[in-house]
Amino acid sequence: MMTKRFLYITLLLGLFLSACSDHLVSDAKKRKEIKEKFEQRKEQFLKNRQEQLLDVFSSDISIKEREALEFLYAYETLSDLSNYDSDYYLQQIRYAFKAQNTFHWGKKVSKEDFLHFVLPPRAGTENMDSARLVIFKELKERVRHMSMKDAALEVNHWCHEKVTYTGTDGRTSAPLATIKNAKGRCGEESVLTVTALRAVGIPARQIYTPRWVHQDDNHAWVEFWADGEWYFMGACEPEADVNQGWFVEPSRRAILTATQTPGHYETSDLIYKRENYTRLNQVENYATAKNLFVKVLDRNRKPIEKANVGFLVCNYAELYHLADLQTDENGLCKLKLGLGDVLVWTWKENKFNFEKVSVADMDTLNIELSGSDFSERTVDMDLIPPVKKAAFKVSAEGKENNKKRLAYEDSIRLAYENTFMVKEKAIELAKAERLDTSEVWQKIKASRGNWESIQNVITKTPVDRKMWILSLLQHISEKDLRDAKAEVLLSHMNNTIEYKGQYSEDEYVQYVLNPRIAMEQLSAYKAYLRPKFENDFWRDILEDPGKAKDWILENISINERENYIWVPATPKGVFEMKTSDLGSAKILFVAMCRTAGVVARIDKVTGIAQYKIGKDWTNVYLGKLQPKEIEDFGSIQLKATESSKDACEYYKNFTLAKFENGSYKTLEFEFKKALADFPAQLKLASGNYMLYTAERVKDGSLLTRLSFFNLSKDEHKEIDVGLRKEEKALESLGSFLLPSELKTVDGQIEQLDSESMRNGIAVIWLDPDKEPTKHVLKDFVDLKQSFDDLQTPFVFVLPNDDRAKVFNKDDYNLPENSIFVTNDQLLQDFESATKQSFENQFPVLAMISANKEIFYISNGYKIGAGDQLLKVFKKYQE
């Protein structure tokens with residue numbers, strides 16, 4: 001009897017386990033949650049793309065494929081569901097399962113981690129592509145017999161063979177486009193590496209610090225799971241082992257590091273869980289951190305529920321929101337943060353308040369929300385970052401072999417780059433097409449691995465449109481040159497209404513012919529949209545562009561919650577989905593106008609869609625704001641003070657922000673042009689404003705000032721842009737005697753006599769091809785004229801090994817008085833003189849005076865190190 005019962009129970013258990021294995025999601029409760037969310041979205045907007053997204057469920061797909069599709073459709077961002085179809089998603093899903101079944105570690109990965117960190121095709125904010133398929137095929141045999149951790153390291157080596165760092169604009173290229181280009185910023189490198197790891201079935205995620213607090217900028221890298229543990233590594237920057245990288249030391253000063261995943265991922269450390277995604281808090285993996293509690297109270301000291309609480313840091317002279325939370329029924333919220341200063345900004349309805357908090361010194365901030373203070377006032381704050389810690393000692397094991405391997409991988413990448421079109425071929429192309437040879441070469445050179453696409457645009461554009469080719473290539477961004485598809489650019493060349501002189505040629509190219517509207521994926525929207533309407537409709541828009549607005553308001557539902565990463569949908573995607581975030585709806589409006597032949601844009605100051613008939617731009621409002629609320633304008637004149645007259649730049653020393661919905665939003669317009677010189681005249685919508693200035697000092701602290709002012713209709717104000725300055729005198733950090741003779745990389749002997757060092761000398765030790773080195777070199781390129789005016793001599797020191805081969809000084813327009821040497825002994829002598837170790841802390845910058853005193857030392861990754869060095873030289877010469 002017992003034996004029969006045992007066999008019966010075993011049979012039932014086997015059937016249960018078999019049933020569970022057929023499911024992608026084992027947890028029945030979570031499976032139900034996903035299904036309900038999918039059905040809700042299907043009814044809400046997915047049904048508008050029935051053929052593109054939903055008909056697949058009537059085809060022959062497995063239970064796991066069905067559940068994978070339902071998960072992605074339930075939680076993917078709205079723009080992805082607008083831009084991609086079921087064929088794309090099903091292909092991604094099948095290759096994720098193929099990786100799971102191909103590699104021996106596939107059985108080790110939990111279903112939860114597979115669902116959230118292998119299955120999703122999106123890694124960051126990139127244009128998604130089919131990289132998973134390409135990479136799986138290329139890496140399958142290379143890594144399948146390795147251990148899981150070694151396979152992850154090998155994937156990163158493969159990524160380094162393909163891509164190295166370069167600074168670019170904020171739009172994130174697709175992984176295959178980044179490979180084609182052979183260069184990318186950290187966001188693109190980490191997207192590629194995450195995609196590559198997922199392609200071989202290794203759970204991976206992009207980890208980032210939204211903003212540093214001890215310096216400007218941010219950074220992204222990669223975390224991956226292997227054999228029960230999460231590790232990190234620098235994307236496309238392989239080290240000898242895991243949990244290493246040049247960013248380790250700055251990450252130990254991070255105030256927040258984060259990642260996010262579609263759906264609801266269960267973990268102990270969350271920033272928040274939203275309806276469609278989970279944002280994870282990883283700061284404790286890198287920095288010393290603690291929970292900061294914020295309690296919001298009314299004037300009677302009673303807790304306020306659902307008050308908004310923003311945790312802000314200063315970066316690039318703006319107050320940046322790390323995270324926005326809401327209080328619970330007790331008026332409380334909490335966030336785990338590194339031990340630096342933050343600004344806590346809380347608001348609800350028409351009330352706001354703010355306070356600076358030193359996280360290390362406070363457990364709970366009680367803040368009163370009793371009213372809104374729009375008085376014209378000034379608030380000074382010193383913001384102190386987490387303290388710099390003693391550097392980790394990194395094991396030397398495997399380091400030399402890794403250096404040799406990196407050099408070999410550099411040679412693979414350089415060999416690929418040597419296949420790009422050369423100048424002579426570009427000149428031949430230009431002459432054959434009767435185009436300016438210099439301009440054609442500049443565009444072909446900038447296009448890098450995408451040169452064939454640009455060549456095809458040049459050769460395949462009809463003869464009667466050839467006159468517009470170079471103008472169009474001038475108006476798209478350098479990144480567009482590197483990843484735009486020829487068929488998209490040709491579609492716009494062939495489907496844009498002819499120029500008839502009703503506006504300037506420049507306006508025609510920039511605001512009619514140009515396919516680029518905002519940060520959307522470039523698409524052939526004119527060829528798609530024109531057949532969707534009768535010719536009379538397009539003639540109506542040409543006469544009255546408001547007709548396009550009317551059609552959008554009638555046919556497109558605005559939904560701001562569902563597009564949670566703010567990657568825009570294409571005009572085609574919005575048209576089909578009939579639901580869109582506001583930004584994507586604006587893009588559709590501009591696309592419809594340009595298709596009709598109307599000059600149109602999204603204004604970079606206000607973010608408002610506009611069209612132009614005659615001389616003036618007309619604003620178009622597609623959201624909740626009505627014209628009467630924001631069309632009243634005043635003007636301001638920004639004036640330099642004694643503290644800002646020498647150098648003062650937008651997004652470096654100051655920003656302007658306008659009060660909207662409870663907090664101040666930074667104005668993101670082209671101040672490089674608008675504020676090239678002081679005094680600067682600006683037309684602004686009436687309202688409440690904040691001028692924010694920030695001066696960063698050597699230890700990373702900030703001297704900031706918040707100046708609040710109000711602007712009424714037709715009012716004019718003069719606003720002083722004053723920077724708070726550090727008053728410390730130069731301090732000697734020791735002495736160092738440079739050799740009187742240095743041998744350059746070209747084999748020449750340079751003499752360093754008293755005359756050449758009269759104004760002091762800068763010595764810079766580089767680690768070529770690493771991101772921190774490229775940042776500091778960019779500083780010197782940007783500041784070249786200032787250093788040349790001071791007649792500052794530079795000695796750039798390269799390592800005496802294969803890493804120096806990837807450095808080409810001609811790639812950088814560096815200060816005139818620069819020499820390049822290889823001298824490993826020089827750093828050892830400098831370390832002895834300063835009693836410091838700079839191992840793995842490149843670049844190292846030093847300012848040495850004529851009498852051998854050291855007045856400045858910077859080591860490791862530091863955005864703005866060039867500015868700091870310039871200040872020291874100016875002070876020294878004064």
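The values are calculated or read from the model by the stated rules, or taken from the named source; none is laboratory data. This is a predicted model, so every value here is computed, not measured. All Cβ positions, glycine included, derive from the backbone under ideal geometry; neighbour counts span all protein chains shown.
The residue that is surrounded by the most Cβ atoms within 10 Å (Cβ to Cβ), counting only those in the stretch 631-655 that are touching a Leu at 6+ places or on another chain (Cβ under 8 Å) and closer than 18 Å to Lys713 by Cβ, is Ile636.
Taking the listed residues Asn300, Asn308, the one that is surrounded by fewer than 17 Cβ atoms within 10 Å (Cβ to Cβ) and either farther than 30 Å from Met233 by Cβ or out of contact with any helix residue (DSSP H, G or I) (no Cβ under 7 Å at 6 or more places or on another chain) (or both) is Asn300, with no other qualifying.
Condition first: under 26 Å from the mean Cα position of the chain (by Cα), charged (D, E, K, R) and surrounded by 20 or more Cβ atoms within 10 Å (Cβ to Cβ). Can you find one or more residues in the stretch 780-787 that meet it? No, the conditions are met nowhere in the stretch 780-787. The set of residues from the stretch 737-756 being assigned to a strand (DSSP E or B) and among the charged types (D, E, K, R) comprises Glu741, Lys743, Glu750.
Looking at the structure I just gave you, is Leu337 within 20 Å of Ser372 (Cα to Cα) and touching a residue at least 12 places away in the same chain (Cβ under 8 Å)? Criteria not met by Leu337. Can you spot a residue in the stretch 30-51 that is assigned to a helix (DSSP H, G or I), touching a residue at least 40 places away in the same chain (Cβ under 8 Å) and more than 33 Å from the chain's Cα centre (by Cα)? No - not one qualifying residue is present in the stretch 30-51. Looking across the stretch 181-206 at every residue that is hydrophobic (A, V, I, L, M, F, W, C) and farther than 23 Å from Gln100 by Cβ, the one that is surrounded by the fewest Cβ atoms within 10 Å (Cβ to Cβ) is identified as Ala182.
Against the criterion of being in a helix (DSSP H, G or I), free of Cβ contacts under 8 Å to residues at least 60 places away in the same chain and within 25 Å of Asp27 (Cα to Cα), Lys98 qualifies.
Just one of (1) β-branched (Val, Ile, Thr); (2) buried (at least 23 other Cβ atoms within 10 Å of the Cβ); (3) assigned to a helix (DSSP H, G or I) fails for Val567. It is (3).
For the stretch 215-251, filtered to residues that are part of a loop (DSSP other than H, G, I, E, B) and charged (D, E, K, R), the residue that is farthest from Pro203 (Cα to Cα) is Asp216. Residue under question is Leu777, and the condition is that it be without any contact (Cβ under 8 Å) to a residue 60 or more places away in the chain and within 31 Å of the chain's Cα centre (by Cα); does it hold? The answer is yes for Leu777. Of all the listed residues (Leu691, Leu711), the sole one being closer than 22 Å to Asp382 by Cβ, crowded, with 18+ Cβ neighbours inside 10 Å, of a type in the set (A, V, I, L, M, F, W, C) and touching a strand residue (DSSP E or B) at 6+ places or on another chain (Cβ under 7 Å) is Leu691.
Checked against (1) aliphatic (A, V, I, L, M); (2) within 28 Å of the chain's Cα centre (by Cα); (3) modelled with pLDDT of 95 or more; (4) under 30 Å from Gly263 (Cβ atoms), Ile565 passes all but condition (3). Restricting the stretch 91-146 to residues that are touching a helix residue (DSSP H, G or I) at 6+ places or on another chain (Cβ under 6 Å) and among the β-branched types (Val, Ile, Thr), the residue that is farthest from Tyr265 (Cα to Cα) is Val143.
Given the structure, is Ala174 surrounded by fewer than 23 Cβ atoms within 10 Å (Cβ to Cβ), small (Gly, Ala, Ser) and at positive phi? Taking the combined requirement at face value, the residue does not satisfy it. Within the stretch 137-162, the set of residues being surrounded by 16 or more Cβ atoms within 10 Å (Cβ to Cβ) and either over 23 Å from Gly187 (Cβ atoms) or not hydrophobic (A, V, I, L, M, F, W, C) (or both) comprises Val143, Met146, Met148, Lys149, Ala151, Glu154, Asn156, His157, His160, Glu161, Lys162. Inside the stretch 471-485, can you point out the residues that are without any contact (Cβ under 8 Å) to a residue 40 or more places away in the chain, surrounded by fewer than 19 Cβ atoms within 10 Å (Cβ to Cβ) and either of a type in the set (A, V, I, L, M, F, W, C) or under 14 Å from Ala446 (Cβ atoms) (or both)? If the condition is that a residue be without any contact (Cβ under 8 Å) to a residue 40 or more places away in the chain, surrounded by fewer than 19 Cβ atoms within 10 Å (Cβ to Cβ) and either of a type in the set (A, V, I, L, M, F, W, C) or under 14 Å from Ala446 (Cβ atoms) (or both), then Gln474 is the only one that fits.
For the residues Arg132, Arg171, Arg205, the requirement of being under 22 Å from the mean Cα position of the chain (by Cα), of a type outside the set (Gly, Ala, Ser) and closer than 30 Å to Lys336 by Cβ singles out Arg205.
Count of the stretch 252-274 residues, restricted to those that are modelled with pLDDT of 90 or more and in a loop (DSSP other than H, G, I, E, B), is 10.
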